[in-house]
Amino acid sequence: EASRRVNGMGTGVIIHARGYILTNHHVVDGVHEILVTLADGQRYVAKLVARDMETDLAVIKIDAPNPLSVMPIGTSSDLMTGETVIAVGNAYGYEHTVTRGIVSALHRAVQVSDAQFYDDLIQTDASINPGNSGGPLLTVRGDLVGMNTTEKMGANNIAFAIPVDRIRDALPDVLDPEGRFGFVLGLQVAMDGPPRVTAVAKGSPAAAGLAVGDVITGMGTAKVASGLDFYLALMECRAEHSVPIRFERSGAAMELVVVPAKAEMRPSENPKGLVAGLRRDYYTGKWEKLPDFAGLQPAATEKADRFELGPYADKERFGLKFTGYVEVPADGVYTFYVRSDDGSQLHISNRLVVDNDGIHTTMEKRGFIPLKAGRHPITVTYFQNVRSADLKVSWEGPGLKRQPIPAAALFSAGATK
């Protein structure tokens, strides 16, 4: 069970013997220190590995001295309305609370708050309370079929869980080891059934001996029995560090030593005459997706110190385009986050790094990019349809904790007022 230092508790599920634990994004969001208490009473400080606001998933890791027992992962594809399910969690701080109920409905769309919408949840009447978030929803056989995530406030016996099949499909992107750590292996592996290779990137290190249809059985010292095992093992890989990959092809056991390549870093640009701040173009219009602003005439152009809505925060049916340069302090992989209501995108030069487009409530997405120290062209586009407007752009990287991109790191050609 993962607990906040001051403001709350949650629950987690051990998904790998090496100490990887699955929980909700909202359980760890903004937490200064994540404390984990296992069923035997042992306590650990956990490291946040990955999190994703859109799917409300997070992966944390503890360093236990011995392999941990893992929750059996089932499937939610064959759940039936009326089927018995069991919820386990840290309800109101009462550890290891177990409740029983049935599957009340499937594929529920639920607006939890202004900042969180789910479109495919399991509804159950098993009691789920604050502190249950991130805990397992189980079959009577003990297989994980969902992650308890929320209750219907003001209602009795209405609670919701994220289907485990949806979690399984989302985890490769949530983890994204290659993007996160700046290396290239070049393998994609199936998340359902055996860890069968589904794609091999042309010219990648993996292409030297692996092929579609091979079944991965091990990486390094780790055994691989599922797609989840593969992507968690990939989290241990680093550029230019050789890793033996064991696999089966047509029933024959094989092994290939692969050296993941270092992802190419984008070189910086240092044009002369830049001044502090960004160019912000304002457009009027009604859209369901980001338009091609290059073909539109802005209604106003001005300077902005940061990526912020400024005087347009209370307006509706408009778009913004921010252009300029961002200065990164050191070589390395940088993570950019864009949180918006409605759609937004972030480009570094001509590369799309974050795609958060479309009409939606406040939603955050992130992307990784390896950058050389110095200044890089950055463009953030945004549109607002109706009701609330929100835009926040943050980053983290070598020596930088996650934070809004500061005004001191933003520059432009200085052609705006």
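The values are calculated or read from the model by the stated rules, or taken from the named source; none is laboratory data. What you see is a predicted model, and the numbers here were worked out from it, not measured in a lab. Quick reminder, even Gly has a Cβ in these numbers, built from the backbone with ideal geometry, and neighbours come from all protein chains shown. For the accessible areas, the whole protein counts, side chains as well, though only heavy atoms, and no ligand, DNA or RNA atoms are used. Shrake-Rupley method; radii C 1.70, N 1.55, O 1.52, S 1.80 Å.
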Would you check if Ala109 is at pLDDT 95 or above and either assigned to a strand (DSSP E or B) or open to solvent by less than 40 Å² (accessible area, probe 1.4 Å) (or both)?
no
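Matching residues to (1) charged (D, E, K, R); (2) at positive phi:
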{"position": "Tyr231", "(1), (2)": "no, no"}
{"position": "Ala239", "(1), (2)": "no, no"}
{"position": "Pro244", "(1), (2)": "no, no"}
{"position": "Ser250", "(1), (2)": "no, yes"}
{"position": "Glu269", "(1), (2)": "yes, no"}
{"position": "Leu274", "(1), (2)": "no, no"}
{"position": "Thr284", "(1), (2)": "no, no"}
{"position": "Phe307", "(1), (2)": "no, no"}
Can you find a residue in region 238-253 that is closer than 24 Å to Val354 by Cβ, of a type outside the set (Ser, Thr, Tyr), in contact with a strand residue (DSSP E or B) (Cβ under 8 Å, 6 or more places away or on another chain) and surrounded by 14 or more Cβ atoms within 10 Å (Cβ to Cβ)?
yes
Residue under question is Leu121, and the condition is that it be without any contact (Cβ under 8 Å) to a residue 60 or more places away in the chain, farther than 14 Å from Val145 by Cα and of a type in the set (A, V, I, L, M, F, W, C); does it hold?
no
Evaluate the following for Ser69: is it open to solvent by 30 Å² or more (accessible area, probe 1.4 Å), modelled with pLDDT of 90 or more, touching an Asp or Glu at 6+ places or on another chain (Cβ under 7 Å) and polar (S, T, N, Q)?
no
Mind listing whichever residues of region 281-301 are closer than 16 Å to Asn385 by Cβ and in contact with a helix residue (DSSP H, G or I) (Cβ under 8 Å, 6 or more places away or on another chain)?
Tyr282, Tyr283
Residues that are closer than 30 Å to Phe368 by Cα, at least 3 per element: which strands (runs of 3 or more DSSP E) completely within region 1-103 meet that?
13-16, 20-23, 34-37, 43-52, 57-61
Mind checking which residues of region 276-300 are surrounded by 13 or more Cβ atoms within 10 Å (Cβ to Cβ), of a type in the set (A, V, I, L, M) and closer than 17 Å to Ser344 by Cβ?
Leu278, Leu290, Leu296
If you go through region 168-175 one residue at a time, do you hit one that is more than 30 Å from Ile369 (Cα to Cα) and within 27 Å of the chain's Cα centre (by Cα)?
no
Identify all residues within region 282-302 that are farther than 28 Å from Pro329 by Cβ and either touching a residue at least 24 places away in the same chain (Cβ under 8 Å) or touching a Cys at 6+ places or on another chain (Cβ under 9 Å) (or both); write none if there are none.
Tyr282, Tyr283, Thr284, Gly285, Lys286, Trp287, Glu288, Lys289, Leu290, Pro291, Phe293, Thr301
All but one of (1) surrounded by 18 or more Cβ atoms within 10 Å (Cβ to Cβ); (2) touching a residue at least 24 places away in the same chain (Cβ under 8 Å) hold for Asn157; which doesn't?
(1)
Every residue in region 39-59 that is of a type in the set (A, V, I, L, M, F, W, C) and either surrounded by fewer than 16 Cβ atoms within 10 Å (Cβ to Cβ) or under 12 Å from the mean Cα position of the chain (by Cα) (or both), please.
Ala39, Val45, Leu48, Val49, Ala50, Met53, Leu57, Ala58, Val59
Could you grab the pairs with beta carbons closer than 7 Å, sequence gap of 6+ or different chains, first residue in region 175-201 and in a loop (DSSP other than H, G, I, E, B), second one open to solvent by 50 Å² or more (accessible area, probe 1.4 Å) and of a type in the set (Ser, Thr, Tyr)?
Ala190/Thr198
Picking from Ile128, Ile167, the residue that is among the β-branched types (Val, Ile, Thr), in a helix (DSSP H, G or I) and closer than 23 Å to Val59 by Cβ would be Ile167
Restricting to region 323-340, what's the tally of residues that are among the aliphatic types (A, V, I, L, M) and closer than 18 Å to Asp305 by Cβ?
2
